[in-house]
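Every number here is computed from the coordinates shown, using simple stated rules; none is lab data. No experiment lies behind these values; they were computed from the predicted model shown. We place every Cβ from the backbone using ideal geometry, glycine too, and count neighbours over all the protein chains shown.
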Amino acid sequence: MANELISPLSGLRRLIETEQVGPNENKFLDGKDPVWSPHNKIINVTPGPAFGSELVDQFSSTQTRGMRGPDVARFFTTVRAEYAKMVGMQEGGRALFFTGSGTSGTEAAAGSCRFPGEADSDTPAVITMEIGAFSTAMGNCVENLGRNVLRLKGELGEDLPYDRCKEALEKDTEHKVQLVMAPQNETGAGVTIDPRKLRDLLDELNHPALLVIDGVSSIGSLPCNMTDMGIDMLIGCSQKGMMGTPGIGMLSISPKAVEKVYQADKALADAGIKKGQHYLHLTKMIDAMDGMGLHIETPGNYAQFAVALDTIAIEGIDRVCERHKECSEVYRAAVLAAGLELVAKEEHIRSNAVTAIKAPEGFGVKKITEVLNIMFSKHAVEAAAIPGAPNLGWRLCATGGIQPQHAMAASIAFLMACDEAGVPVDVEKGIAAATKTYREVVKYHRPLPGVDAYGR
C-alpha cells in the first residue's frame with residue numbers, strides 16, 4: 001500500500017495524483033466539473049461554523065497547555081468574565097463553558113432543575129416552544145432526557161405560540177413548571193423572537209419558572225442581553241456569531257437559576273434519586289469554577305475564543321449587530337425583488353442573522369441541492385438548505401465576520417445559480433435591488449482586525 005500523508009495536505013495530494021488539479025489547467029473550460037484550487041477563497045454564508053477573523057485564524061495553532069495550572073485558571077476566569085459582560089449576565093450569575101457545541105449547552109440546561117415526583121405529575125416540568133428545526137431539536141433533547149415536557153409547536157415562519165404558553169402556565173397553580181425554553185433566533189426558519197415577551201408573560205403570572213433561551217445563532221449576531229431581556233439561562237457556542245472555532249459550548253445562568261439548580265440537586269439527593277447527568281452537570285461545573293477556576297473536562301481552544309472576544313470588542317458589539325443587519329437587508333432586497341418569498345411571514349420577525357428563502361412550488365430537494373452545488377462550484381459561495389424541511393428552500397446567513405460585500409456577492413451567486421438551475425427568478429431586478437439597498441444601508445466597511453506580513 002502506498003504511503004499516504006496523514007495531514008491537511010493529504011487531500012491536496014490525492015487531488016494532484018488523480019489529476020484533478022495541475023499546472024496551467026483550467027477545467028472550467030472543458031465542460032468538466034470545476035476543481036478545487038489552493039487560491040480559492042470560499043464565501044461562507046452558512047449558519048456555522050461562520051466566518052471568523054484573521055486574528056482568530058492566526059491563533060489556530062496555539063500551543064496546547066496543561067489544564068490545571070494557576071495561570072490557566074486565571075485565563076479561564078478572565079475569558080468567562082469578558083463573555084459574561086458581553087451578554088449582559090446579571091451580577092451573581094455564572095458563565096459556564098464546556099467542550100461541546102450549542103447542543104451540549106441545550107442538554108445541560110434541559111437536564112437542570114429536575115425535582116422528585118416530576119415523572120408522576122400531570123403538569124409538565126418543562127415547556128418548549130418550537131417553530132423550526134432547531135427549536136424542535138431542543139424539544140427532542142428535553143424529551144430524550146426523560147423530562148415531563150409540554151412541546152408547544154408553532155407554524156414554520158411564524159412567531160412563538162405565546163397564548164398557548166400562557167394557558168399552560170395559568171393552569172400550573174402549584175408551579176410545577178421549572179423551565180420555559182425557546183430560541184431567540186430560529187435558524188431553521190429565519191425567524192427572530194423577542195425573549196422579553198416571554199419574560200413579561202412569566203412576570204405577569206408571577207410564575208417562578210426559569211426562562212431558557214437558545215442564543216446559539218443570536219449571540220454575537222443580534223442584540224442579546226440577559227439582564228435587559230430577563231433571561232435566566234442563555235445557551236451559546238463558539239463558532240457562529242462569536243466568530244470562533246467549533247468546540248466550546250456556553251451556558252450563562254442568572255443568580256436565580258444558580259439557586260434553583262442547587263435546590264433541585266439537593267432535593268434529588270435527599271430523595272435518593274440520581275440526577276442522570278455526569279458530564280453536563282451544572283452544580284459540578286459551578287463548584288469547579290468557583291473553586292479552582294478550572295473545568296471539570298478537558299477544555300477546548302480558549303485562546304482562539306479569547307481572540308474572538310477581542311475581535312468583537314474592537315469592532316464593538318453594537319456595530320457587529322448593525323453589520324449583520326446590513327447584510328441581511330441586502331439578501332432580502334435581492335430575493336424579494338427577484339420574485340421569491342421568505343419563510344418568515346411577517347417583516348418584524350425576519351431575522352438579521354438568517355434569511356430563509358422558499359423555493360417556488362414544484363421545486364423540491366433535488367433542485368434546491370442543485371442551486372447550492374452551482375453556488376459552491378462556480379461562484380465559491382457556500383450556502384445551506386433549510387433543515388428539517390429539505391423541500392422548502394435555502395438559507396443565506398449573516399453571522400460571524402461576514403461583511404456587506406460578501407452579502408452582495410452571495411446574493412448575486414444565489415440568483416445566478418437559481419437561474420442556471422431553472423428556478424424562475426428575475427436576476428437583473430434582484431441584483432439591482434441588492435445594489436440599491438447596499439448603497440442605502442451600508443454605512444461603512446471596516447475590515448476585521450488582523451495582521452499581515454507587513455504588520456498592518
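For Glu341 and Lys171 in one chain, what is 0.36 nm times their gap in residues minus the Cα-Cα distance, to one decimal in nm?
So the chain would gain 57.3 nm between Glu341 and Lys171.
How about Lys345: which aspartates and glutamates have a C-alpha closer than 12 Å to its C-alpha, ignoring those fewer than 8 places off in the same chain?
Candidates past the 8-residue exclusion: Glu155, Glu158, Asp159.
Taking θ = phi - 60°, what integer Hz values does the Karplus form 6.51 cos²θ - 1.76 cosθ + 1.60 yield along the range 139-144, in sequence order, with x for Gly and Pro?
With the stated coefficients, the range 139-144 comes to x, 4, 4, 4, 5, 5 Hz.
Restricting to the range 58-309, what percent of DSSP beta bridges are antiparallel, rounded to 5?
Bridges in the range 58-309 are about 45 percent antiparallel.
Tell me which residues come under 5 Å, amide H to amide H, from Leu210 once H is placed; ignore anything under 5 positions away on its chain.
For Leu210, whose amide H was placed from the backbone, the distant partners under 5 Å are Leu179, Val180.
What is the distance, in nm, between label points placed 7 Å from the Cα along the Cα-to-Cβ direction at Asn206 and at Lys274?
4.1 nm
Reachable lysines from Lys260, Cα under 26 Å, same-chain residues fewer than 8 places away excluded?
Here the lysines satisfying the reach criterion relative to Lys260 are Lys85, Lys166, Lys171, Lys176, Lys197, Lys274, Lys275, Lys284.
³J(HN,Hα) across the range 407-424 via Karplus (A = 6.51, B = -1.76, C = 1.60, θ = phi - 60°), whole Hz, x for Gly/Pro?
Each residue's phi maps through the Karplus curve to give 4, 4, 4, 5, 4, 5, 4, 4, 5, 5, 5, 4, 4, 5, 7, x, 7, x Hz.
Counting only other residues whose beta carbon sits under 13 Å from that of Glu370, what net charge do I get with K and R as +1, D and E as -1?
+1
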